[in-house]
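Below: one structure, written as structure tokens.
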């Protein structure tokens, strides 16, 4: 399973765009990249998933360069309610296990 | 997104008793479910993989006789913490894999406090 590296924490202000980058140098050919958001005392919430190039949904965008060794989660115009921990996960082997790293703790200030 | 529920949301029990936590996929079938544990200020730790109709696969260091997992149907997996002790107090989270979307969805978690 690929290991991921993310910044431990990030600060932002309301209305700004936030980009969180994740490194996954050992990503395998058939691995997807998935991002989850977690609030305190709640289970992780699925945000977005991609394999290559760019994926966009109503919540976020995911940018994946051609070598797929990193990915960037982009949150447009964050609000206070986006304060949470964001996890980047890769790795879909035959067991479909997801191994969580430390995640990025995003603090959005007024 | 797909919905996964857990019951109970929180439970308090006495040391030495057993506690059962249910995980259900409400709008999809899940041949594979997972159980995690999360301590305060820490990340999720995978405990075991629950496979419908077969034995669970436990991660290294997780006692299978203490954490009993049953995945009897395509929408239900249960985790039973046997002979619970205060150090088992934690936040237990399940996830279910939606094969049609190739994505895992997580339950809201169960807070266990063992006195």
>> With the structure loaded, tell me whether residue B:9 is within 14 Å of chain A (Cβ to nearest Cβ) and over 30 Å from residue A:33 (Cβ atoms) or whether it fails that test.
In response: yes
> If you check B:111, B:101, B:97, which single one turns out to be within 11 Å of chain A (Cβ to nearest Cβ), closer than 16 Å to residue B:2 by Cα, in contact (Cβ under 8 Å) with a residue 60 or more places away in the chain and in a strand (DSSP E or B)?
Replying inline: B:97
> Among the residues of segment A:43-52, how many are in a loop (DSSP other than H, G, I, E, B) and at pLDDT 95 or above?
Replying inline: 2
> Is at least one residue of segment A:10-28 free of Cβ contacts under 8 Å to residues at least 24 places away in the same chain and either surrounded by 13 or more Cβ atoms within 10 Å (Cβ to Cβ) or part of a loop (DSSP other than H, G, I, E, B) (or both)?
Replying inline: no
>> Suppose the filter is touching a residue at least 60 places away in the same chain (Cβ under 8 Å) and in contact with a helix residue (DSSP H, G or I) (Cβ under 9 Å, 6 or more places away or on another chain); does residue B:81 pass it?
In response: yes
>> Consider segment A:53-99. How many of its residues are outside any strand (DSSP E or B) and either farther than 18 Å from residue A:10 by Cα or more than 14 Å from every other protein chain (Cβ to nearest Cβ) (or both)?
In response: 25
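The values are calculated or read from the model by the stated rules, or taken from the named source; none is laboratory data. The structure presented is a predicted model; accordingly, all values stated were derived computationally and were not measured. Glycine also receives a Cβ, built like all others from the backbone with ideal geometry; neighbour counts cover every protein chain displayed.
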